[in-house]
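Down below is the structure, laid out as structure tokens.
The values are calculated or read from the model by the stated rules, or taken from the named source; none is laboratory data. Just so it is clear, the structure is predicted and the values come from calculations on it, not from any experiment. Cβ placement follows ideal geometry from the backbone for every residue including glycine, while neighbour counts extend to all protein chains displayed.
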């Protein structure tokens, strides 16, 4: 009964989503306030029913209702309850439901936080979000119903993919989806602005906090995914250029470009058309990414062969949403004029270059991701484009970007003079120069990449400090000035500092990692640097739904015990697949990573031992970027300005309402 | 105003959409490689497992064998690997060419997914791949007892292509030489 209620709730949500799509947009077109008023209640009502449906599916998982096909395929009675809950988004149907749920969260947030927007504009925004939501709900109901029943019900489920049985999975996809779907808000703002023909700096200011918010979630989501790959896949790598990773990286790159271009549009009324296009593209890449990954198109086009309807529907939805908005763009954007003028040496130019690099980077990833698909579509078979391609393309793109990151925020809007720029840059130039010299002395022979990478990290870091320093120093009370700094400046500086930390981490891991694959018998030891790894033997362990062999490795430094590591080799009972659980001793400056390989007979085992310097800085950096984003969002100026503008407009609308009534 | 420029994103998206649509409808047909029917190009490369030793064409030694081009960075390889494992268990010798890869990653990959290969040639710079006309990973070549390439499979082996193409061909080749 409960699954049927869940399905019925989805049908109700679809009808409300259609109402949310049709009435407000039509009402805004005709200037009919009573039709526009449908937007908010319809959006909230739709969210309530999607929540009901999600709860119904969660309930089916928690009570092990294997009469529901999706539950039977992705759960098992031996699975702990928290993985049974996370299994909701372990496969296609459930992740789609999560997608719709999160779209509901964002839509509801828009209804709550944009009460002060002009009514017509808000109606259009919610209407566009209603269109997207309708499309997804239709897709869910027509091709990917998670509530389909099995008769007779199996006694046991097929279990969740062991790779996904990890605390990382509980939070990683929802975070990622919060990011993907969050870009729908920026997209809807852009499309609404195109519909209304009003693209001004107010539009950019309204879009900014939403865009940054989505970007923060996506950043955290990607970092979590990378960390999860690091300790779960058992190789100690942190990024694989996997199609799944690329799918999240493309919208991140485009979204980062969007954040920067929105800044120009807000402050200087320039780049308007470009910003709108970026907002559309960012969300389109999110959509494309979700589909490519979730539908299995990427690994094989023929994944759709099992259910051709699904593929056709996905494509139809993409064409409708992306094609529709791009057609609207082609039609309406000609009317938009950018007024801000700027000279060659100005912050605008820097941000333009930033956008150029980030967009090219996103296009590069897209190309590398779609190329195999194109080959397949042309009948040339399935191929993978891998690490060699991405590494060779990303390095030349990344280096100039890092050089620019430190300069851009120090420049004035509109125009800057060279001597002044040099004066502002003297601190960072000096420190980075000294770093370069010292490092060259030490590491020239070891690695040119390391010298370059660390120097650039120092350059970006000092540049970020300089932004703050120049606004504080020379004031009568520097501490008070520091406290009065706009939050958006503090947030930006912190995010850029995060980038520096990230670059330092990547460089250190790539150049100074020591890795060794070896075999050891109990009692044998292996020494790398100051550390000695001693293998003390193995024991069997029985987990809730798996059996494992656990090795004991004691790590010694100068004869003293530092830590004991317990890497495991697990075999999950239902799917019979072996999994490597690496043991990691993490630290700020280095990680010790040990993975257990294969038994080699005679009690000997193969091991992978890695010493990874600064590896955690990769994720620290990402977290700093995300915190920087959060600080930017809390800048009171978004609310203040909104409030002032709204006050006048609210009066006008209230007047109009009373006119309609009388 | 340059209005046509504003149409550009739409046109580009249209191209991608058409490609996706074609991808949905088309069944990947096999393109014939110019090498099919010709003797397999000779090669010599260090072994992945023991770099001191080398792997060469003569190792095939007049058997009906598969030569599989793979890499640890290749996602489709992960997909086809179970089928290679199955073929290897049926006694078909499979030789691997590890294409543009890193040794440690490739070894870890084999440890995780299983080693289906008699021997793996480590082709770090893709030189061997060049001779064999590799233009994507994975690719699989069927070699007969005389060392002639009889079939080239581009892309991941699927359950379908295994059943419909590879296994019948392998059986036929083995019979062909059994009668002699």
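For region A:25-37, filtering for residues that are within 16 Å of residue A:115 (Cβ to Cβ) and either crowded, with 21+ Cβ neighbours inside 10 Å or out of contact with any helix residue (DSSP H, G or I) (no Cβ under 9 Å at 6 or more places or on another chain) (or both) leaves 1. What pairs come out if I take residues in region B:1-23 that are at the interface with chain A (Cβ under 7 Å from one of its Cβ atoms) and modelled with pLDDT under 90 and pair them with residues that are buried (at least 16 other Cβ atoms within 10 Å of the Cβ) and in a loop (DSSP other than H, G, I, E, B) whose C-beta lies under 9 Å away, six or more apart or interchain? Between residues of region B:1-23 that are at the interface with chain A (Cβ under 7 Å from one of its Cβ atoms) and modelled with pLDDT under 90 and residues that are buried (at least 16 other Cβ atoms within 10 Å of the Cβ) and in a loop (DSSP other than H, G, I, E, B), the close pairs are B:20/A:297; B:23/A:297.
From B:155, B:133, B:147, B:114, grab the single residue that is away from chain A (no Cβ under 14 Å) and on the phi > 0 side of the Ramachandran plot. Matching residue, one of B:155, B:133, B:147, B:114: B:147.
Listed by position, the helices (runs of 4 or more DSSP H) contained in region A:1-96 that have at least 1 residues being within 22 Å of residue A:138 (Cα to Cα) and out of contact with any strand residue (DSSP E or B) (no Cβ under 7 Å at 6 or more places or on another chain) are A:2-30, A:39-62, A:69-74. Taking the stated definitions as given, is residue B:95 away from chain A (no Cβ under 12 Å), touching a residue at least 60 places away in the same chain (Cβ under 8 Å) and either under 16 Å from residue B:174 (Cα atoms) or within 15 Å of the chain's Cα centre (by Cα) (or both)? Here the answer is no, as residue B:95 does not meet what is asked. Might you let me know whether region A:129-147 holds any residue that is farther than 16 Å from residue A:317 by Cα, outside any helix (DSSP H, G or I), touching a residue at least 60 places away in the same chain (Cβ under 8 Å) and touching a strand residue (DSSP E or B) at 6+ places or on another chain (Cβ under 8 Å)? Yes, there is a match, as at least one residue in region A:129-147 is farther than 16 Å from residue A:317 by Cα, outside any helix (DSSP H, G or I), touching a residue at least 60 places away in the same chain (Cβ under 8 Å) and touching a strand residue (DSSP E or B) at 6+ places or on another chain (Cβ under 8 Å). Is at least one residue of region A:565-580 touching a helix residue (DSSP H, G or I) at 6+ places or on another chain (Cβ under 9 Å), at pLDDT below 90 and either under 30 Å from residue A:219 (Cα atoms) or part of a helix (DSSP H, G or I) (or both)? Yes, region A:565-580 has at least one match.
Just to be sure, is residue B:170 on the phi < 0 side of the Ramachandran plot, surrounded by 21 or more Cβ atoms within 10 Å (Cβ to Cβ), more than 14 Å from chain A (Cβ to nearest Cβ) and within 12 Å of the chain's Cα centre (by Cα)? In short, no.
Filtering region A:597-631 to residues that are part of a strand (DSSP E or B) and over 31 Å from the mean Cα position of the chain (by Cα) leaves A:597, A:598, A:599, A:605, A:606, A:607.
Residues that are within 11 Å of chain B (Cβ to nearest Cβ) and modelled with pLDDT of 75 or more within region A:338-391 comprise A:363, A:366, A:367, A:369, A:370, A:371, A:388, A:389, A:390, A:391, listed in sequence order. Could you check how many residues of region A:152-167 are modelled with pLDDT of 75 or more and over 21 Å from residue A:66 (Cβ atoms)? Qualifying residue count for the region: 2. What number of residues in region A:484-508 are within 17 Å of residue A:630 (Cα to Cα) and assigned to a helix (DSSP H, G or I)? Of the residues in that region, 13 qualify. If you filter region B:63-77 down to residues that are modelled with pLDDT of 80 or more and not in a strand (DSSP E or B), you find that the one that is surrounded by the fewest Cβ atoms within 10 Å (Cβ to Cβ) is B:63. If you scan region B:131-163, which residues turn out to be out of contact with any helix residue (DSSP H, G or I) (no Cβ under 8 Å at 6 or more places or on another chain) and more than 27 Å from residue B:72 (Cα to Cα)? Selection gives B:146, B:148.
For region A:331-340, the set of residues classified as touching a helix residue (DSSP H, G or I) at 6+ places or on another chain (Cβ under 9 Å) and surrounded by fewer than 18 Cβ atoms within 10 Å (Cβ to Cβ) consists of A:331, A:334, A:337, A:338, A:339, A:340, listed by residue number. Looking only at residues in region A:510-522 that are part of a helix (DSSP H, G or I) and away from chain B (no Cβ under 14 Å), the one that is farthest from residue A:535 (Cα to Cα) is A:511. The single residue among A:303, A:320 that is surrounded by fewer than 19 Cβ atoms within 10 Å (Cβ to Cβ), more than 8 Å from every other protein chain (Cβ to nearest Cβ), outside any loop (DSSP other than H, G, I, E, B) and at pLDDT below 90 turns out to be A:303.
Filtered by the rule that a residue be outside any helix (DSSP H, G or I) and at pLDDT 85 or above, region B:100-138 gives B:115, B:116, B:117, B:118, B:119, B:120, B:121, B:122, B:123. Residue count for region A:515-535 satisfying the condition of being more than 40 Å from the chain's Cα centre (by Cα) and in contact (Cβ under 8 Å) with a residue 40 or more places away in the chain: 3.
Could you pull out the residue among A:478, A:409, A:428 that is at pLDDT below 90 and in contact with a helix residue (DSSP H, G or I) (Cβ under 6 Å, 6 or more places away or on another chain)? Result of the check over A:478, A:409, A:428: A:478.
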